[in-house]
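Asks: Submitted below is the structure of interest, expressed as structure tokens.
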Amino acid sequence: MAIGAMIHTFDVQLADVDRGVYEDLSLRVARHPSETDAFMVTRVLAYCLEYEDGIAFGAGGISSTDEPAVLVRDLTGRITAWIEVGSPDAQRLHSGSKLADRAAVYTHRDPGRLIAAWEGRTIHRADEIVLRSFDPGFVEAVAAGLARRNTLTLSATEGQLYLELGGTAMSTRVHEHRIAKA
């Protein structure tokens, strides 16, 4: 018998000062059995840091190649933002960048290794894609504090992220990396 996805809930107070986004979010996140806690945390952070009308968790990343981990659709259903998590291959990023107005990647892995893996590969509008990473150990520290039900306060300002989870406060710089053109 196959093991199903585990559902985690996140009640999020989001304050993204730089973008002027202030929201209270209630997220139900399905964690696939093959998905690590670090990947799920990165998905939630990407969702919050990219939050806008039409955002949703996609089926991608673990079990689907048709959608990214997070995406934004306009009112017609067209994908306007393709947001990958982890370490997508160049072809997946190329395809997503062609489908959407913009693309981004959030990773809990070494961004230098990821960029090196993409080097010399064809990626549509590579110079416009932003790769975001966090300080070493940050995502793992957040993952260590996860429960099935989570209350999360997240504030972003001037490239700094402040997070409180279960009474524990943490912070990280949100590093932005650019992909060189092939």
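The values are calculated or read from the model by the stated rules, or taken from the named source; none is laboratory data. On a predicted model such as this, the values are computed, not experimentally measured, just so you know. Neighbour counts are summed over all protein chains in view; Cβ atoms, including those assigned to glycine, are modelled from backbone coordinates with ideal geometry.
Asks: For region 160-182, give me each residue that is within 26 Å of I115 (Cβ to Cβ), assigned to a strand (DSSP E or B) and among the β-branched types (V, I, T). Walk me through it before giving the result.
Replies: Taking region 160-182 as the starting set, the residues that turn out to be within 26 Å of I115 (Cβ to Cβ) are 160-161, 163, 170-182.
Still in the running and assigned to a strand (DSSP E or B): 160-161, 163, 170-178.
Within region 160-182, T172, V174 meet the criteria.
Residue-by-condition table, conditions (1) within 20 Å of D16 (Cβ to Cβ); (2) at pLDDT 95 or above; (3) touching a helix residue (DSSP H, G or I) at 6+ places or on another chain (Cβ under 9 Å):
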| residue | (1), (2), (3) |
| --- | --- |
| A56 | yes, yes, yes |
| I62 | no, no, yes |
| L75 | no, yes, no |
| R132 | yes, yes, yes |
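Asks: What pairs come up if the first residue lies in region 123-148 and is closer than 14 Å to H175 by Cα, the second is hydroxyl-bearing (S, T, Y), and their beta carbons are under 7 Å apart, counting only those six or more places apart or on different chains?
Replies: Between residues of region 123-148 that are closer than 14 Å to H175 by Cα and residues that are hydroxyl-bearing (S, T, Y), the close pairs are I129/S97; L131/T107; R132/Y106; S133/T107; F134/T172; D135/T172; F138/T172; V139/T42.
Asks: May I pose another question? If E67 passes every condition in (1) part of a loop (DSSP other than H, G, I, E, B); (2) touching a Gly at 6+ places or on another chain (Cβ under 7 Å); (3) surrounded by 21 or more Cβ atoms within 10 Å (Cβ to Cβ) but one, which one does it miss?
Replies: Here E67 clears every test but (3).
Asks: With S34, S87 as the choices, which residue is buried (at least 16 other Cβ atoms within 10 Å of the Cβ) and assigned to a loop (DSSP other than H, G, I, E, B)?
Replies: Going through S34, S87 in turn, just one is buried (at least 16 other Cβ atoms within 10 Å of the Cβ) and assigned to a loop (DSSP other than H, G, I, E, B): S87.
Asks: Please enumerate the residues belonging to region 19-36 that are of a type in the set (D, E, K, R) and modelled with pLDDT of 95 or more.
Replies: Going residue by residue through region 19-36, those that are of a type in the set (D, E, K, R) are 19, 23-24, 28, 31, 35.
Answer for region 19-36, where residues must be of a type in the set (D, E, K, R) and modelled with pLDDT of 95 or more: R19, E23, D24, R28.
Asks: Further question on the same structure: Being touching a helix residue (DSSP H, G or I) at 6+ places or on another chain (Cβ under 8 Å) and at pLDDT below 95 narrows it down to one of R102, R178, so name that one.
Replies: When all the criteria are applied, what remains is R178.
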